[in-house]
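Take a look at the structure below.
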Amino acid sequence: MADTAKPKGGGTARSTGGRRRSRKDTAPNIADEQPKTLLDYYRQMLLIRRFEERTAQAYTQARIGGYCHLNLGEEATIVGLMTALQERDYLFTNYREHGYAIGKGISPRSVMAELYGRSTGVSKGWGGSMHMFDTQTRMLGGYGIVGGQLPLATGAALAISYRGGDEVVMCQMGDGTTNIGAFHESLNIAALWNLPIVFVVVNNFTGMGTTVEKSSAEPELYKRGSSYRMEGVRVDGQDVLAVRDAATDLVERARAEQKPFLLEAISYRMKGHSVVDPAKYRTAEQAEEAKANDPVLAFERQLEEAGILTEEIKQEIADSVRDEVTDAADFAENSPHPEVSTLFDYTYATPVPNESRRMPADPVFAE
Amino acid sequence: MTTKLTIGKAINEGLRRAMEDDPKVLVMGEDVGRLGGVFRVTDGLHKDFGADRVIDTPLAESGIIGTAIGLALRGYRPVCEIQFDGFFFPATNQTFTQLAKMHQRSGGRLRLPVVLRIPYGGGIGAVEHHSESPEAYFAHTAGLRVVTVANPEDAYWMVQQAIACDDPVVFFEPKRRYWDKADVDTTRSLTSAAPMGAARIARPGQDVTLVAYGPMVKTALQAAEADTDHSVEVIDLRSLSPIDYDTVCSSVRRTGRLVVAHEAPVSSGLGAEIAARVTEECFYHLEAPVVRVGGFDTPYPPSRLEEHYLPDLDRVLDGVDRTFAF
């Protein structure tokens with residue numbers, strides 16, 4: 001099936017602009033890397049994997065409400081992208097965001113508590129799976145509406161540019177987002193005003209159940225910036241080092257040259273659109289292919305073959321990741337739900353006249 | 001002959017019949033084809049009518065409704081599915097500035113027989129964007145007809161009436177009631193069904209009129225059942241714009257009391273409009289102020305607080321009691 005075919009050139013970053021700067025001409029090789037760095041990436045990827053598996057379990061046990069979209073299969077992309085960002089850089093994502101929140105530096109405890117809807121969550125239980133915000137780590141959301149984050153991220157980049165700051169905004173989205181008007185409005189503004197922002201399209205071939213080929217007139221999504229003379233790059237999202245290199249290159253160029261870029265990461269969504277989606281629109285072969293392209297297992301094998309990940313280290317990492325996820329889930333489980341009285345707390349930032357202060361159980365009229 | 005149908009399946013069957021009866025009827029939206037829609041309301045239509053008539057669109061609400069307007073201008077009858085209430089908003093421009101106004105703007109020359117199907121309301125443990133009740137925005141806009149259904153019978157017939165209507169119709173589907181089942185007589189003719197614009201007395205009573213629509217009709221009927229002190233007349237509004245004030249006002253003139261219940265926030269909601277109009281038309285028949293029961297004036301809360309936000313049986317009964325305590 002065309003919609004899950006591995007794109008040509010996957011594995012090496014390709015550029016539409018023709019100008020290559022520091023990018024290596026060959027795929028990054030683990031032999032050039034510090035073992036410690038590689039093990040750190042592996043641990044981060046495994047943490048997201050186990051965290052999301054635990055999330056799926058908690059969701060099916062009704063510990064998590066609302067809708068819930070997992071990053072399973074996206075681990076290499078997330079770790080590669082987040083490694084490319086400096087602490088001072090800003091991140092906007094869509095509703096498939098748990099791994100990004102952790103990758104940007106929010107503690108797994110705060111993320112899990114948010115998923116559980118508890119008041120100790122990063123959005124005090126009010127945001128849930130799709131709406132995590134944290135100004136400290138500069139994770140500016142979590143957005144439930146497709147494309148909702150793009151103009152906002154562009155505005156954040158405008159603020160940086162206006163102030164003369166040296167931060168960069170990264171704005172993540174899915175492949176379906178490239179068809180909504182806000183995508184084009186935002187890319188045009190960012191290019192027109194030379195804003196330091198990297199738009200990242202995570203292309204997992206399907207917008208819910210509809211394929212990229214069936215929804216995008218230009219299915220090679222990294223080319224969609226060309227209308228705005230914005231350089232676009234496609235990278236193999238299953239390869240953490242390739243993602244890191246491509247993203248670092250674009251983030252640093254956005255910072256130095258004050259202009260926007262478009263990065264497309266080819267990634268496999270290992271499960272349905274959300275936890276409740278059985279993904280029946282996928283053929284058995286497509287499901288198999290996604291499984292065969294498991295980025296965590298692939299990286300694990302690579303590190304094992306290189307002698308970097310020994311049995312002992314592997315066990316150590318597995319144990320520490322398991323403990324961290326268990327700790328996060330326990331923390332969430334033992335945290336309080338928001339008080340019903342807080343229902344009215346955050347509608348306005350300032351006092352308003354006639355604001356209803358009645359409690360849900362109160363009579364409609366006071367006696 | 002009757003068939004037992006859920007509300008979801010009744011809409012599906014209604015769409016099917018409309019497509020069989022008129023080759024100009026098209027269904028379009030995100031994942032409405034092969035997947036059959038997020039709530040599976042268009043299930044099987046793609047298989048039976050083909051990809052030309054059941055169109056999987058890109059993720060672009062403005063594009064979906066905009067192109068539907070273009071299709072309608074050339075004689076088609078598109079039915080657009082918006083996946084969730086909160087996903088509609090990117091299409092506000094096409095809906096409010098084009099769809100609602102082009103008939104008038106063209107001096108009546110252009111007709112826009114477009115149906116927007118929108119699953120709405122809370123109660124399924126979803127969150128913001130997935131649980132909202134935005135009907136007042138639409139009802140406030142002249143040129144749009146706005147309807148909602150509370151049972152499979154209405155679901156089956158009203159979706160066909162909406163498609164047959166030469167005005168644009170916003171068809172709100174009460175998502176937490178999709179699985180409610182009842183007998184539907186599908187052998188009758190469309191013209192024999194109750195008109196789309198008419199309210200229905202869902203339960204006759206003498207002491208107080210309780211107006212509800214969509215998902216709240218069931219709650220209102222439960223409240224009427226539970227209230228052993230008063231005889232509660234429940235009106236299922238069905239059409240939210242225009243509103244059938246004849247039915248509402250004649251009931252209020254008999255009972256002297258009115259409670260309006262909806263999931264949407266109370267302030268500037270449909271209840272406010274109904275209260276104002278009933279006060280104008282039935283002032284001397286009213287024994288008590290009109291009482292509104294609805295969602296609180298806050299954004300839609302997370303799932304754990306949803307049960308406190310949504311007006312439930314107790315809050316509706318409390319509203320009824322207040323009209324008698326006056």
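FYI, it's all coordinate maths here, none of it is from the lab. Please read these numbers as outputs of a predicted model, since none were measured by experiment. Methodologically, a virtual Cβ is constructed for each residue, glycine included, from the backbone with ideal geometry; neighbour enumeration extends over all protein chains shown.
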**Prompt:** Can you list the residues, at least 5 places off or on another chain, whose amide H is less than 5 Å from the amide H of B:Val293, using H built in the peptide plane?
**Reply:** B:Val260, B:Ala261, B:His262
**Prompt:** What trypsin sites (Lys or Arg not before Pro) does segment B:171-260 have in DSSP loop regions with at most 10 other beta carbons within 10 Å?
**Reply:** none
**Item:** Förster radius 41 Å - calculated FRET efficiency between B:Tyr284 and B:Asp167, Cβ distance, rounded to 0.05
**Value:** 0.75
**Complete:** Checked the protein assembly as shown with the C-alpha gyration tensor, a ≥ b ≥ c its square-rooted eigenvalues, rounded below a/c of 1.5, otherwise prolate if a/b is larger than b/c and oblate if not; verdict prolate
**Asked** Taking the Cα-to-Cβ direction at B:Lys181 and at A:Arg88 and moving 7 Å from each Cα, how far apart do the two end points lie in nm?
**Response** 6.4
**Request:** Mind pulling the angle between the C-alpha long axis of helix A:181-192 and the longest principal axis of chain A? Nearest 10 degrees, somewhere in 0 to 90.
**Result:** 60
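Quantify how strongly other chains surround peptide B:297-310 by giving the mean number of their Cβ atoms within 10 Å of each of its Cβ atoms. Don't skip to the answer; put the middle values down first.
Details: counts 7, 8, 3, 0, 8, 16, 7, 10, 11, 2, 2, 6, 3, 1.
Mean partner-chain Cβ count within 10 Å for B:297-310: 6.
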**Message:** Using the Cα centre of the protein assembly as shown as origin and beta-carbon charges of +1 (Lys, Arg) and -1 (Asp, Glu), tell me which of B:Ala155, A:Pro151, A:Gly121 is placed farthest towards the positive end of the dipole.
**Reply:** A:Pro151
**Item:** Counting DSSP beta bridges with both ends in segment B:200-323, the antiparallel % (nearest 5)
**Value:** 20
**Request:** Rounded to the nearest 10 degrees, what's the angle between the helix A:295-305 long axis and the longest principal axis of chain A, both from Cα atoms, 0 to 90?
**Result:** 50
**Complete:** Whole-Hz Karplus couplings 3J(HN,Hα) for segment A:346-352, θ = phi - 60° and coefficients 6.51, -1.76, 1.60, Gly and Pro as x, run 10, 5, 10, 7, 10, x, 10
**Request:** Using only the Cα atoms of segment A:233-367, build the gyration tensor, take square roots of its eigenvalues as a ≥ b ≥ c, and label the shape rounded, prolate or oblate: rounded if a/c is under 1.5, else prolate if a/b is larger than b/c, else oblate.
**Result:** prolate
**Asked** What shape does segment B:2-192 take by its C-alpha gyration tensor, where a ≥ b ≥ c are the square roots of the eigenvalues and a/c under 1.5 counts as rounded, a/b above b/c as prolate, and the rest as oblate?
**Response** rounded
**Asked** Amide H to amide H under 5 Å from A:Leu263: which residues, 5+ apart in sequence or cross-chain, H placed 1.01 Å off N in plane?
**Response** A:Phe199, A:Val200, A:Val201, A:Val233
**Prompt:** How far apart, in nm, are two points set 7 Å out from the Cα along the Cα-to-Cβ line at B:Lys4 and at B:Glu225?
**Reply:** 1.7
**Request:** Round to the nearest 0.05 the FRET efficiency obtained for A:Thr135 and B:Ala142 when R0 = 45 Å and r is the Cβ-Cβ distance.
**Result:** 0.60
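I need the calculated FRET efficiency for the pair A:Glu285 and A:Glu316, taking r as the beta carbon distance and R₀ as 45 Å, to the nearest 0.05.
Values: r = 37 Å, r/R0 = 0.81.
Calculated transfer efficiency: 0.80.
Counting pairs of alpha carbon atoms under 8 Å apart in space and at least six apart in sequence, what relative contact order in percent does segment A:19-334 give?
On the way: 605 pairs, mean separation 72.0, N = 316.
For segment A:19-334, the relative contact order is 23 percent.
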**Message:** What are the ³J(HN,Hα) couplings of segment B:39-46, residue after residue, when phi is run through the Karplus curve with 6.51, -1.76, 1.60 and θ = phi - 60°? Round to Hz, x for glycine and proline.
**Reply:** 9, 6, 6, 9, 3, x, 5, 4
**Distance from segment B:54-111 to segment B:194-208 (C-alpha centre basis), Å** = 31
**Request:** Take the Cα of A:Ala31, step 7 Å along the line toward its Cβ, and report every residue of segment A:275-311 whose backbone nitrogen sits under 15 Å from that point.
**Result:** A:303, A:305-308
**Prompt:** At B:Asp246 and A:Ser119, where each label point lies 7 Å from the Cα along Cα→Cβ, what is the point-to-point distance in nanometres?
**Reply:** 5.4
**Prompt:** What length, rounded to one decimal in nm, is gained on full extension from B:Ala193 through to B:Arg111, with 0.36 nm per residue of separation minus their alpha-carbon distance?
**Reply:** 27.1 nm
